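Take a look at the structure below.
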Amino acid sequence: MTKTIFVTGGSRGIGEAIVRRATGKYNVCFTYNANEGLARDLEKELAGLGVATVKCDVRDENSVKSAVEFAKKRFGRIDVLVNNAGVSKSGLLIDLDEKDWDDVFDVNVKGVFRMTKAVLPDMLARRSGAVVNVSSIWGQVGASCEVAYSSSKSAVIGFTKALAKEVAPMSVRVNAVAPGAVDTDMMKEYSADEIKDICKEIPLGRLAKPEEIADAVLFLAENEYTTGAILAVNGGWHTSCD
């Protein structure tokens with residue numbers, strides 16, 4: 001039986017790359033929130049290959065439950081959950097208000113909690129399944145002017161390590177990927193010169209391709225003896241996590 005992978009935030013960037021890489025190997029259900037046009041275009045492009053999209057706001061418990069039920073009705077069950085949906089807020093901490101902080105945590109941390117909690121009971125009952133969370137290099141080493149984002153992605157790492165130990169006896173695995181600088185829309189806030197400077201700091205000398213992050217996600221989804229791992233895919237950038 002073909003397994004099903006459920007990807008949050010799959011209409012663009014890393015999420016889109018995961019959808020494309022998984023198509024043909026899995027049934028794929030991916031969510032969108034604001035980017036319905038992109039999501040529907042991707043769904044149409046991959047029509048006939050076991051791909052479906054559904055609107056989901058990971059900040060809303062009912063929306064999460066509805067999206068999970070859609071996937072189960074369409075494909076029978078969810079074998080792999082990829083928590084990819086995320087937001088960023090840049091700026092000095094002293095200029096960051098509490099609402100901005102809460103918004104970042106509501107998506108990046110509580111969104112992971114809500115989605116995992118909705119999918120996990122079936123995995124535990126079957127004693128089979130995998131969860132892959134998308135964290136960030138900034139969750140490992142922190143970034144100036146990215147305190148909220150860095151903190152939220154660090155929380156995802158803690159969530160991953162703790163839950164992995166909790167559910168391992170039921171043969172459910174939980175891992176995370178921690179990308180470095182990736183060539184996605186998130187990098188558009190940087191100028192060409194700033195991106196060149198960033199690439200000079202990366203030992204491999206370039207940004208990651210979204211597909212390279214997607215491949216790491218699928219490795220974590222499929223390797224049956226890997227759990228509680230935080231896989232850094234960062235070109236050798238900021239490898240020290242002291």
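All of the numbers you see were taken from the coordinates with simple rules; none came from a lab. In this text, all values refer to a predicted model and were calculated from it rather than measured experimentally. Note: ideal-geometry Cβ built from the backbone for every residue, glycine included; neighbour counts use all protein chains shown.
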In the chain, if the dipole is taken from +1 on Lys/Arg beta carbons and -1 on Asp/Glu beta carbons about the Cα centre, which of ALA67, GLY9, LEU93 is farthest to the positive end? ALA67
Region 188-242 versus region 87-134: alpha-carbon centroid distance in Å: 20 Å
Label point at ASP215 placed 7 Å out along Cα→Cβ; residues across region 1-36 whose backbone nitrogen lies under 19 Å: 13-26
Count, lysine Cα pairs under 25 Å in region 84-242, 8 or more residues apart or across chains: 29
Running a GNM on the chain with Cα contacts under 10 Å, which residue among GLY50, GLY86, GLY129 ends up with the highest mean-square fluctuation? GLY50
Fully extended contour minus Cα-Cα distance, from ASP102 to ARG127, at 0.36 nm per residue: 5.6 nm
Span-like helices, the chain: DSSP H, alpha-carbon axial extent 27 Å or more, mean Kyte-Doolittle -0.5 or greater, which ones? 147-167
Could you tell me the relative contact order of the chain? Use alpha-carbon pairs under 8 Å, at least six residues apart, and round to a whole percent. 19 percent
Using the Cα centre of the chain as the reference point, and only Cβ charges (+1 on K/R, -1 on D/E), how large is the resulting charge dipole? Debye, rounded to the nearest 20. 1200 debye
